[in-house]
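The values are calculated or read from the model by the stated rules, or taken from the named source; none is laboratory data. In this text, all values refer to a predicted model and were calculated from it rather than measured experimentally. Note that we place each Cβ from the backbone using ideal geometry, even for glycine, and neighbour counts take in every protein chain shown.
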Amino acid sequence: MQPRRTAAAVAVLLFSTLLLLPSAADAHNITRILAQHPEFSTFNHYLTETHLAPEINQRETITVCAVDNAAMSDLLAKHLTIGAIRNVLSIHVLLDYFDGKKLHQITDGTALAATMFQATGSAPGSTGFVNITDLKGGRVGFAPQDGPVAATFVKSVEAIPYNISVIQISSILPSPEAEAPAPAPSQANITAIMSAHGCKVFAETLLANPDAEQTFQSNVESGLTIFCAGDEAMKSFTPRFRNLTAAGKQSLLEYHGIPVYQSLAGLKSSNGLTNTLATDGASKFDFTVQNDGTDVTIRTGIAPRISYQDLKSEPFDLS
């Protein structure tokens, strides 16, 4: 079996010139979608508990295969660790868009879909892939790669083409690899890392705002990317920062983090709205990632655009 990567991973990206200033925007929210359907309340709860929900909200072109409370009871009866539950549920997040219509019109009757479990690097080999097959009688089957059909399509729950599709499947997809105990996360001192790489003022500002600092630290286990402003940028912005309310200071700092590990290579392959640590219900503090070849641009809607060329350091992977 290949070594299992720990869940703790932090990417620190240094911007030399500007702070990101938030603008309100709309994006899909998996917890709000599922909250309208009480039969998925347990599934919804564990998406939040395992920190998968913000990762789902951050992605585009995705399918969530939800299971009802009875199916979740079968999973919880195994008394898995929270890390293992996260891995199992991440198999139920497909990195492609499949609504009810597409499921019944699969080319050649079968498709292989990568899952969020595969994308984390925690899945040994290709165990993070799911086979989708059109069966007799109009049924659609789901199976771990090289395994028998373990669940069938029940209904479409929500579809926002071609952004997110939420469907119900009949049961949890089994995976011994995902159910294996996840290793304990490493402990990362994120402010020390930032201070050592040109973001000392940002780190000190974060430490002076303990609520924001705790938000960053609590996301290390599930994955975190920090867009830290360089010292010169922070020094020039400090007079304006001091005039903010306590809540405003917290939101602005949290706007510089996203609740998922995202390398520079990952940013190059990402497009669209991205939720941040400041995103909370109606307070949609998002920014937009736009790619053009090897150039990556982040647009907040308020601040001047920030381009990939402003990044001065590679991410520090603490996994």
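Residue-wise test of (1) among the aliphatic types (A, V, I, L, M); (2) surrounded by 14 or more Cβ atoms within 10 Å (Cβ to Cβ); (3) not assigned by TED's automatic domain parsing to the domain that holds ARG59.
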position	(1), (2), (3)
PHE129	no, yes, no
ASP134	no, yes, no
GLY137	no, no, no
GLY141	no, yes, no
PHE153	no, yes, no
ALA159	yes, yes, no
ASN163	no, yes, no
GLN168	no, yes, no
Checklist entry - If ILE190 satisfies every condition in (1) touching a Phe, Trp or Tyr at 6+ places or on another chain (Cβ under 7 Å); (2) farther than 24 Å from ASN44 by Cβ; (3) surrounded by fewer than 18 Cβ atoms within 10 Å (Cβ to Cβ) but one, which is the exception? => result (3)
Next on the checklist: With the requirement that a residue be among the small types (Gly, Ala, Ser) and in a strand (DSSP E or B), what does region 62-105 give you?
Outcome noted: ALA66
Checklist entry - Which one of these is part of a strand (DSSP E or B) and among the hydroxyl-bearing types (Ser, Thr, Tyr): SER171, SER122, SER126, SER165? => result SER165
Item to check | Count of region 188-201 residues which are under 24 Å from the mean Cα position of the chain (by Cα) and in contact (Cβ under 8 Å) with a residue 40 or more places away in the chain | outcome: 4
Checklist entry - Which pairs do you get when a residue that is on the phi < 0 side of the Ramachandran plot and acidic (Asp, Glu), found in region 106-135, comes within reach of a residue that is modelled with pLDDT of 90 or more and not in a strand (DSSP E or B), reach meaning Cβ atoms under 6 angstrom, with the pair 6+ apart or on two chains? => result ASP134/ILE106; ASP134/GLY109
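Let's see how each residue does on (1) under 15 Å from GLU60 (Cβ atoms); (2) part of a loop (DSSP other than H, G, I, E, B); (3) at pLDDT below 75; (4) among the hydrophobic types (A, V, I, L, M, F, W, C):
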{"site": "LYS249", "(1), (2), (3), (4)": "no, no, no, no"}
{"site": "VAL260", "(1), (2), (3), (4)": "yes, yes, no, yes"}
{"site": "ASP286", "(1), (2), (3), (4)": "yes, no, no, no"}
{"site": "SER319", "(1), (2), (3), (4)": "no, yes, yes, no"}
Checklist entry - LEU207 passes all but one of (1) in contact (Cβ under 8 Å) with a residue 60 or more places away in the chain; (2) surrounded by fewer than 21 Cβ atoms within 10 Å (Cβ to Cβ); (3) among the aliphatic types (A, V, I, L, M); which number fails? => result (1)
Checklist entry - What is the one condition in (1) modelled with pLDDT under 95; (2) under 27 Å from LYS136 (Cα atoms) that VAL67 does not satisfy? => result (1)
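Residues checked against (1) out of contact with any strand residue (DSSP E or B) (no Cβ under 8 Å at 6 or more places or on another chain); (2) over 21 Å from GLY138 (Cβ atoms); (3) among the small types (Gly, Ala, Ser):
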{"residue": "ILE91", "(1), (2), (3)": "no, yes, no"}
{"residue": "PHE98", "(1), (2), (3)": "no, no, no"}
{"residue": "GLY109", "(1), (2), (3)": "no, no, yes"}
{"residue": "MET116", "(1), (2), (3)": "no, yes, no"}
Checklist entry - How many residues are buried (at least 19 other Cβ atoms within 10 Å of the Cβ) and over 19 Å from GLY121 (Cα atoms) when one looks only at region 72-90? => result 2
Item to check | Residue check for GLU60: among the charged types (D, E, K, R) and crowded, with 21+ Cβ neighbours inside 10 Å | outcome: no
